[in-house]
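What follows is a short report on a single structure.
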Amino acid sequence: MPEAEPLEVLMKEHRMIERVLSCLETMALISDRTGGLESADARKAIEFFRGFADGCHHGKEEKLLFDLLEKRGFPSHEGPTAQMTSEHQEGRDLVRSLETAVDEFERGEKGALDQFSDAARRYVSLLRSHIQKEDQCLFPMAFQALSVDDLNWLQREFQSHDVEDAKRQEHTRFERISDELAARYEAPHPAGS
Ligand SMILES: [Fe+2]
Ligand SMILES: [Fe+2]
């Protein structure tokens with residue numbers, strides 16, 4: 001179904017996000033076992049989550065998909081889009097906690113690794129369950145609620161959003177970060193890539 005394409009774009013991005021989530025999970029595991037952290041790798045993961053998962057991906061969801069769904073009758077202050085937006089915000093707060101933990105680790109502060117590991121696990125768990133809810137519930141509901149014209153409009157707007165976002169940040173860098181971290185932390189490649 002070609003008109004489902006904008007939702008497939010989001011699902012493909014989910015696979016890339018899940019790959020880096022697995023890397024972050026492994027970093028937390030290594031940090032618990034060894035009492036050490038490759039802070040440069042942790043910073044790359046943070047850059048990916050902030051720039052790609054939040055800026056690029058959640059940006060398209062919040063500014064375009066959720067907004068359109070609310071225009072088509074989804075409730076705006078409660079219900080699935082409000083829930084997903086609130087989880088995006090929770091994720092932003094956890095990425096800030098991850099960054100604070102890495103800063104403190106580099107300054108040699110006690111407890112920084114526990115803080116890193118705790119924030120990493122909470123972020124991985126939040127985003128995995130968030131992605132599952134979107135893939136299995138919200139996107140099928142969106143496909144039912146939106147017309148072919150809506151989906152075609154969404155597809156064009158997603159492309160414009162990505163062009164604009166690419167002026168602010170280098171998108172190929174996110175693929176490089178994902179490949180580099182996956183090579184080091186042995187995350188499986190996303191299905192179909
Ligand atoms: Fe989302
Ligand atoms: Fe998503």
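The values are calculated or read from the model by the stated rules, or taken from the named source; none is laboratory data. Since this is a predicted model, take the numbers as computed values, not measurements. No Cβ is skipped: glycine too gets one built from the backbone with ideal geometry, and neighbour counts run over all protein chains shown.
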Exercise for the section: Scan ARG156, ARG168 and give me the residue that is free of Cβ contacts under 8 Å to residues at least 24 places away in the same chain and either of a type in the set (Lys, Arg) or touching a Pro at 6+ places or on another chain (Cβ under 9 Å) (or both). Expected result: ARG156
Practice task
Give me the pairs, please: first residue somewhere in region 47-66 and within 11 Å of ligand 2 (Cβ to nearest atom), second residue anywhere and modelled with pLDDT under 95, beta-carbon distance under 6 Å, and either six or more positions apart or on two chains.
Solution key: CYS56/ASP165
Problem - Conditions (1) away from ligand 2 (no atom under 16 Å from the Cβ); (2) assigned to a helix (DSSP H, G or I); (3) surrounded by 19 or more Cβ atoms within 10 Å (Cβ to Cβ): number failed by LEU37 - result: (2)
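One line per residue, one yes/no per condition, for (1) at pLDDT below 95; (2) over 26 Å from LEU37 (Cβ atoms); (3) of a type outside the set (D, E, K, R):
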{"position": "LYS71", "(1), (2), (3)": "no, yes, no"}
{"position": "GLN83", "(1), (2), (3)": "no, yes, yes"}
{"position": "SER86", "(1), (2), (3)": "no, yes, yes"}
{"position": "GLU104", "(1), (2), (3)": "no, no, no"}
{"position": "ALA112", "(1), (2), (3)": "no, no, yes"}
{"position": "SER117", "(1), (2), (3)": "no, no, yes"}
{"position": "ALA120", "(1), (2), (3)": "no, no, yes"}
{"position": "LYS133", "(1), (2), (3)": "no, yes, no"}
{"position": "PHE139", "(1), (2), (3)": "no, yes, yes"}
Practice task
With the checklist (1) surrounded by fewer than 22 Cβ atoms within 10 Å (Cβ to Cβ); (2) modelled with pLDDT of 95 or more; (3) over 11 Å from the mean Cα position of the chain (by Cα) in hand, flag the one item LEU65 doesn't pass.
Solution key: (1)
Problem - Residue ID - nearest to ligand 2 (Cβ to nearest atom), chosen from residues in region 67-96 that are of a type in the set (Ser, Thr, Tyr) and free of Cβ contacts under 8 Å to residues at least 24 places away in the same chain - result: THR85
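Tally time: how many residues in region 146-164 are surrounded by fewer than 14 Cβ atoms within 10 Å (Cβ to Cβ), within 22 Å of the chain's Cα centre (by Cα) and of a type outside the set (Ser, Thr, Tyr)?
4
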Fill in the blank from the handout: Across (1) at pLDDT 95 or above; (2) surrounded by fewer than 16 Cβ atoms within 10 Å (Cβ to Cβ), LYS44 clears everything bar (2)
Exercise for the section: Please go through region 118-137 and pick out each residue that is surrounded by 20 or more Cβ atoms within 10 Å (Cβ to Cβ) and away from ligand 2 (no atom under 16 Å from the Cβ). Expected result: ALA119, ALA120
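Which of the helices (runs of 4 or more DSSP H) found entirely inside region 91-175 contain at least 1 residues meeting this: among the β-branched types (Val, Ile, Thr) and closer than 23 Å to LEU68 by Cα? Explain how you work it out, then say what you get.
Numbers: elements: 112-133, 139-145, 148-168.
It comes to 112-133, 148-168.
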Practice task
Considering every residue within region 100-119, establish whether at least one is within 13 Å of ligand 1 (Cβ to nearest atom) and out of contact with any helix residue (DSSP H, G or I) (no Cβ under 9 Å at 6 or more places or on another chain).
Solution key: no
